[in-house]
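The values are calculated or read from the model by the stated rules, or taken from the named source; none is laboratory data. In this text the structure is predicted, and so the values were computed from the model without any measurement. Note: ideal-geometry Cβ built from the backbone for every residue, glycine included; neighbour counts use all protein chains shown.
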Amino acid sequence: MASDNGSEGTSNDMSTAATVRTDSPTLGGSVVNITTEDLDRQIETLRKCELITEQEVKSLCAKAREILVQEGNVQVIDSPVTICGDIHGQFYDLVELFRVGGSVPDTNYLFLGDFVDRGFYSVETFLLLLALKVRYPDRMMLIRGNHESRQITQVYGFYDECQRKYGSAAVWRCCTEVFDFLSLSAVICGKVFCVHGGLSPSIQTLDQIRTIDRKQEVPHDGPMCDLLWSDPEDSVGWGMSPRGAGYLFGQDVGFCETNGVEMITRAHQLVMEGYKYHFGETVLTVWSAPNYCYRCGNVAAILELDEQLNKEFTIFEAAPQENRGAPAKKPQPDYFFMSSGQFLDRHTSEKKTEMYRNYLEENAVLEAVTKALSKMYVMTERPANPMEFIVKAMKYPLQQLTGAQPGVVTNMAYRTEYENAMKEIEKLKKEVEALKKENNELKEVGQKTESNPSTDVDIVD
């Protein structure tokens, strides 16, 4: 399926045995033997969402680096091929993707990055994809997303998950070294340009992408950063991205005409219906993480291109709950679900009761809903259809807010907004606690009044 300009293609599967020299700061300089039998066993283990050993991870990553270093920044891919968008650690939905799209090696796959972060199973997800890549190098193509980054994974879950599941950061370091070797883009039959994010004002030609030194942490700016972070926008030319990295690019930037490609296929943005065309059919967004973050309610899509580059989309929903074995959700804080009847006592005055009711129902609940929608919009990385997202998200506003982990944010560009929102939520919590305290005091007064009716009580509003 794949080849690279100036280098020979690899075979459809790995040779029976390979010797891997782990010459990296993390992997050391020892020599490791890895066989197809080892890989098949590891793949079966990972398909059951079970961990392989740390030493097996090191060997797998070493072999993956050996394969990936031979691939160019612009991978040349033949059709047929199935294109997949963001996965974000949603392992059981990846299994569902393979169920509806076909198993490896029967189907050729191109994954557009963002394998990790946010989902419960980033470790198992990335290692399974990597094992399939090593076992079937020409059947599995992986390119880099903006979350294949040391900085980003330390904020959005993958680092913590590696620490929790392996007891140290060693596996995280091995995986992030592999990130540096992932290709930046692909071209299918010379006609479909594939990238995680989008375009760059610093890049006019594919040859300019080929000259980038990709074997590094994702920079904060520049052409490599732009490829992983940019988004299409219904505007003219280039614009500043609200993400704080990459650019917004319009229909008129001329990349397709300059390079003779017919379509740009990318991921990077949540699409509630699984895929979305921009600028007619010049740019296509594919999203492959259904019910994103286990609460967005979206469907997912994959795109199959046949030998003539005819398109067929497969839409799929999240794996059934009974099949996914997701960790239990943490209990919801009481203060986001409070109702006036939960803690208002009948002994308080009707006027005071009404004041509490108005505060709780008109202020606290509405504020919580607003914060929920705001946080979910940020968390989903600037969805392609904002209004549709907001309308659908309204169905579960409180659950979305309180079920999200504090570390689940979009990217560094939104840290200030996120921190401000959390401060407001804490402020709301304190105000509610103050009301509870005041209510308890009123309850005590009411109880005394009930036991001694002759006592006069003045309640000041």
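Within the range 133-143, is even one residue surrounded by 24 or more Cβ atoms within 10 Å (Cβ to Cβ), under 26 Å from VAL192 (Cα atoms) and of a type in the set (Phe, Trp, Tyr)?
No: the range 133-143 contains no residue that is surrounded by 24 or more Cβ atoms within 10 Å (Cβ to Cβ), under 26 Å from VAL192 (Cα atoms) and of a type in the set (Phe, Trp, Tyr).
Quick check on the range 251-290: of everything there that is within 24 Å of the chain's Cα centre (by Cα) and without any contact (Cβ under 8 Å) to a residue 24 or more places away in the chain, which residue is surrounded by the fewest Cβ atoms within 10 Å (Cβ to Cβ)?
TYR277
Within the range 94-122, track down each residue that is touching a Leu at 6+ places or on another chain (Cβ under 7 Å) and either modelled with pLDDT under 95 or β-branched (Val, Ile, Thr) (or both).
Hit for the range 94-122 is VAL104, nothing else.
Can you pull out every residue in the range 138-166 that is more than 20 Å from VAL69 (Cα to Cα) and of a type in the set (Ser, Thr, Tyr)?
Once the filter is applied, which keeps residues that are more than 20 Å from VAL69 (Cα to Cα) and of a type in the set (Ser, Thr, Tyr), the range 138-166 yields THR153, TYR156, TYR159, TYR166.
Considering only residues that are over 20 Å from GLN75 (Cα atoms) and either free of Cβ contacts under 8 Å to residues at least 60 places away in the same chain or not in a loop (DSSP other than H, G, I, E, B) (or both), which ones fall in the range 107-125?
Listed by number, the residues that qualify are VAL116, ASP117, SER122, VAL123, GLU124, THR125.
Can you name every residue in the range 206-243 that is of a type in the set (A, V, I, L, M), surrounded by fewer than 13 Cβ atoms within 10 Å (Cβ to Cβ) and not in a loop (DSSP other than H, G, I, E, B)?
Hit for the range 206-243 is MET240, nothing else.
Given the options ASP93, ASP106, ASP114, ASP180, name the one that is out of contact with any strand residue (DSSP E or B) (no Cβ under 6 Å at 6 or more places or on another chain), in the same structural domain as GLU66 (by the TED database) and under 30 Å from THR258 (Cβ atoms).
After applying the criteria, what remains is ASP180.
Within the range 68-113, restricting attention to residues that are out of contact with any Cys (no Cβ under 7 Å at 6 or more places or on another chain), more than 13 Å from LEU128 (Cα to Cα) and among the hydroxyl-bearing types (Ser, Thr, Tyr), which residue is surrounded by the fewest Cβ atoms within 10 Å (Cβ to Cβ)?
My answer is THR107.
Does at least one position in the range 254-274 carry a residue that is assigned by the TED database to the domain that holds THR314, over 20 Å from GLN75 (Cα atoms) and part of a strand (DSSP E or B)?
No, there is no match, as no residue in the range 254-274 is assigned by the TED database to the domain that holds THR314, over 20 Å from GLN75 (Cα atoms) and part of a strand (DSSP E or B).
Which of the residues spanning the range 292-322 are in a loop (DSSP other than H, G, I, E, B) and more than 20 Å from the chain's Cα centre (by Cα)?
Listed by number, the residues that qualify are ASP306, GLU307, GLN308, LEU309, ASN310.
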